[in-house]
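Nothing in this text is a laboratory measurement; each read-out follows from the coordinates by a stated rule. Fair warning: this is a prediction, and the values are worked out from it, not measured in the lab. Here Cβ is always computed from backbone atoms with ideal geometry, including for glycine, and neighbour counts include all displayed protein chains.
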Amino acid sequence: MIPIVSLSVFLPLAGALLLLVLPRASQAMVFAIGIGISAATFLLTLLMWARGVVPGGFSQVEEVRWIDAVGAAYRVGVDGISLPLVLLTSLLFLLAFVYQAKKSDRARSFVVLMLMLETASIGTFVALDALLFYVFFEVSLVSMYFMIAGWGGPDRQRAALMFFLYTLLGSLPLLLAILGMFLASDPYTFDMRIWIETQPLTGMAGMLALIAMLFTFAVKIPAFPVHTWLPAAHVQAPTVGSVILAGVMLKFGTYGLVRFALQMTPDAFRAAGEVVLVFGVIGAIYGAFVALAQSDLKRMIAYTSINHMGYVVIGVAVAALATDPAMRAIALDGATLQMISHGLVTGALFFLAGMLKDRAGTYEMDRFGGLLSITPFLGWSFILAAFASLGLPGLAHFPAEFQIFLATLNVAPVAIVSILAIVVVAALYLRSIAKVFLGEPNQTWAKMPDLDRQERWVIIPLLALIIGIGIAPAWLLDVIHITTTSPGF
């Protein structure tokens, strides 16, 4: 059988190596290779999706000996939680390459970094060996650091350094937890499937491992109060950097919260679930109110990510606290769907904000006005994505947040206060739409061009998926539900 999972992981890396050895390559050739490799990777993940998943464990598992002395092996596979994230990752990278193809600044270096980051991102979601997971998890930091530092805004060096130090230091507790799991397993192994089945750390040791995991994944999410690196990184990052950071890399934290904390230390998570729930509620409300205070469009979108990822944390915490398997599955279904919908919606918003910046050179909302009549495709696309972000029924966030709130009301009714953040998010997006797109046209931008064909190819697939998931989420939820109702949860 063709090793589709491994091909999906390493094909982008092979493309990066090809670009490095090519003696001469024009910008057009560089991006043609990048788009071609990324498109092939996306097709492989579609084939992976077609093969599907099975109840009760991981599917499409591929395993090769690696470091026998410590029980580490190359192990990859997917389940109903990781498979949608892999598909989301390959799609966003493909669209990022299409968008970036019109840029000319050091094309070869940029495409190489993006392809390396795609390998690390897909690898993080499919790794079934904890040591392999940690390698992919950390390698992703390097590519994003250089992307921000090399192609970001005026304060890019500081933002890149803050991002790298926060996330690198934040990863060290996870390494300690992994080593603790390894030493407690019998026989010694880094096989995540065995850790999920046997849960080697219990009692105080399990609680300490959980605390270490929670800290690492809270930094990556990022959750309140370890979120301060995110706005600077987003504002200074190039547009595709923000898209990948929000759409893919923030999911490392929430995915790790499910895969490690919830599945490997469920008893400790249940004991600490109320504390995690409180931080999720604070993050959701805090992110909404701080976003409301922003005048910079991109910074506003960045803070709404803290709000939406707060809902994911709430969903996972509710799943940990739930004693009813049906409610646990509803909470996890909602949390996983929220990860996917956030990647699509926030990815679209960052793309659109970047397209606006390309034309105007600024993100300051007060400098715009009346753009809907000047750039109708850009305007209506932003309005649709904004309505999705505020949770409008019929769009992608609604079925995700509905399930999270439904489970929360059943398991921890007090935490339903987080629903108030939806009102704040609605207010901030309606305000941004009014400032940027409605009212009398600002004559400064009277000749601003609307989205061209290349940019529309980037936005239309995201908007189509946002509408498709909002209207008919079953095609995605059915895959997620296979895993969330399995014995591992």
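A few comments on the model shown:
- Under 15 Å from LYS220, Cα to Cα: aspartates and glutamates that are on another chain or at least 8 residues apart: GLU138
- Compactness of the stretch 1-160, taken as the C-alpha radius of gyration over 2.2 N^0.38 Å, stands at 1.09.
- Helix 107-126 vs. the chain, principal-axis angle (Cα, 0 to 90°, nearest 10): 40
- For the stretch 412-489 versus the stretch 348-389, the gap between their alpha-carbon centres in whole angstrom: 13
- Calculated [222 nm] ellipticity per residue, helices only, for the chain: -24000 deg cm²/dmol; basis is -39500 (n - 2.57) per DSSP H run with n ≥ 4, divided by all residues, nearest 500.
- Counting only alpha carbon atoms, the long axis of helix 376-389 and the longest principal axis of the chain meet at about 30°.
- Selected from SER432, PHE279, PHE402, residue furthest toward positive end of dipole (the stretch 265-489; charges at beta carbon): SER432
- Summarising the overall dimensions of the chain from its C-alpha atoms, the Rg and Dmax are 21.4, 71 angstrom.
- Cα-based helix-to-principal-axis angle, 130-151 vs the chain, degrees rounded to 10: 20
- Sequence-distant contacts, meaning Cα pairs under 8 Å at least 6 residues apart, place the relative contact order of the stretch 265-489 at 28 percent.
- Rel. contact order, % - alpha carbon contacts under 8 angstrom, at least six apart, the chain: 16
- Flagged links, alpha-carbon separation over 19 Å, of LYS357/LYS447; LYS103/LYS251; LYS251/LYS357; LYS298/LYS435; LYS102/LYS298: LYS103/LYS251; LYS251/LYS357; LYS102/LYS298
- Under a model in which nothing but the beta-carbon of Lys, Arg (+1) and Asp, Glu (-1) is charged, the chain shows a dipole of about 1180 debye around its Cα centre.
- Between amide H atoms placed 1.01 Å from N, distances below 5 Å from LEU128 occur with ARG75, VAL76, GLY77, all of them 5 or more places distant or on a separate chain.
- Here the 3J(HN,Hα) profile of the stretch 242-254, calculated from phi with Karplus coefficients 6.51, -1.76 and 1.60 at θ = phi - 60°, is 5, 4, 6, 4, 6, x, 10, 6, 4, 6, 4, x, 6 Hz, Gly and Pro shown as x.
- Potential lengthening of the chain between ARG158 and PHE289 amounts to 44.6 nm, from the contour at 0.36 nm per residue minus the alpha-carbon distance.
- Signed unit charges on C-beta, dipole axis of the chain, positive-most listed residue GLY77, TYR188, THR45: THR45
- Packing here is the average count of other Cβ atoms within 10 Å per residue, and on that basis the peptides 324-330, 258-264, highest first, run 258-264, 324-330.
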